[in-house]
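Take a look at the structure below.
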Amino acid sequence: MKLKNLLVSGAFFTVVAICLPKRSDAKAKGSPSPDAESSAASTADTSAAPGGKMRATAFKGMISSVDDKAKTFTIAGKENSRVLKITEKTIITKGGQPATMKEIVANEEVRGSYYKMPDGSMEAKMVKLGPLTEEEKAKREAQRAKREERKAGMSPGASVSPSVSPGT
């Protein structure tokens with residue numbers, strides 16, 4: 001019986017090993033050449049996520065420096081600073097109105113989102129300059145109230161109901 005189980009297991013693993021493509025074959029077919037990879041890294045359409053879309057990461061802070069030539073700005077953090085690159089796809093706003101790279105200056109509040117690229121750089125997706133607008137404050141307050149309402153509706157006393165057994 002043990003021999004039969006061993007043979008069945010061995011046959012199964014052999015079939016799986018034969019059917020699965022080799023890693024080097026899959027990489028060669030799905031991966032572009034190094035030149036195409038470096039140019040693809042500069043666009044936000046490339047993906048490291050399995051779903052085919054990159055996820056933007058939120059940021060907020062104070063701009064510590066700006067490099068107009070490299071089209072980058074730095075946000076100083078508590079432990080480390082982040083350098084974000086502005087691309088042609090980056091959406092820049094100031095006070096709810098469209099803005100340009102020239103309006104990004106040091107010692108200004110900034111928030112938005114960025115894509116982490118395969119080479120480790122961070123490309124800004126959206127940059128909002130200055131403090132929150134009244135519209136953004138109202139939207140945030142509405143979200144907070146809605147969240148509190150949901151929490152209140154899910155209180156432990158309200159969600160506990162007597163269980164009824166199927167046999168009664």
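Every number in this text was worked out from the coordinates using simple rules, so none of it is lab data. Quantities reported herein were computed from a predicted structural model and do not represent experimental measurements. Because the Cβ atoms are built from the backbone with ideal geometry, glycine has one as well, and the counts that use them run over all protein chains shown.
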Quiz item: If the cut-off is 21 Å between C-alpha atoms, which lysines fall inside it for residue 78, apart from same-chain ones fewer than 8 positions away?
Solution: 60, 116, 128
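Using packing as a proxy for protection, rank 135-148, 70-83 so that the peptide with the highest average count of other Cβ atoms within 10 Å comes first.
Working: 135-148: 10.5, 70-83: 13.6.
So the order, starting with the most tightly packed, is 70-83, 135-148.
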Quiz item: For region 57-129, what size does the Cα cloud have along each of its three principal axes, sorted from largest down, in whole Å?
Solution: 30, 25, 24
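Can you give the FRET efficiency for residue 15 and residue 53, using 1/(1 + (r/R0)^6), R0 = 22 Å, r = Cβ-Cβ distance, to the nearest 0.05?
Values: r = 34 Å, r/R0 = 1.55.
Once the sixth-power term is evaluated, E becomes 0.05.
Set the bar at 32 Å for Cα to Cα. Now go through 125/146; 89/151; 102/146 and name every pair that lies beyond it. Don't skip to the answer; put the middle values down first.
Values: 125/146 27 Å; 89/151 38 Å; 102/146 38 Å.
Violating the 32 Å limit, Cα to Cα: 89/151; 102/146.
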Quiz item: Roughly what would the spin-label model give for residue 103 and residue 69, points 7 Å off Cα along C-beta, in nm?
Solution: 2.6
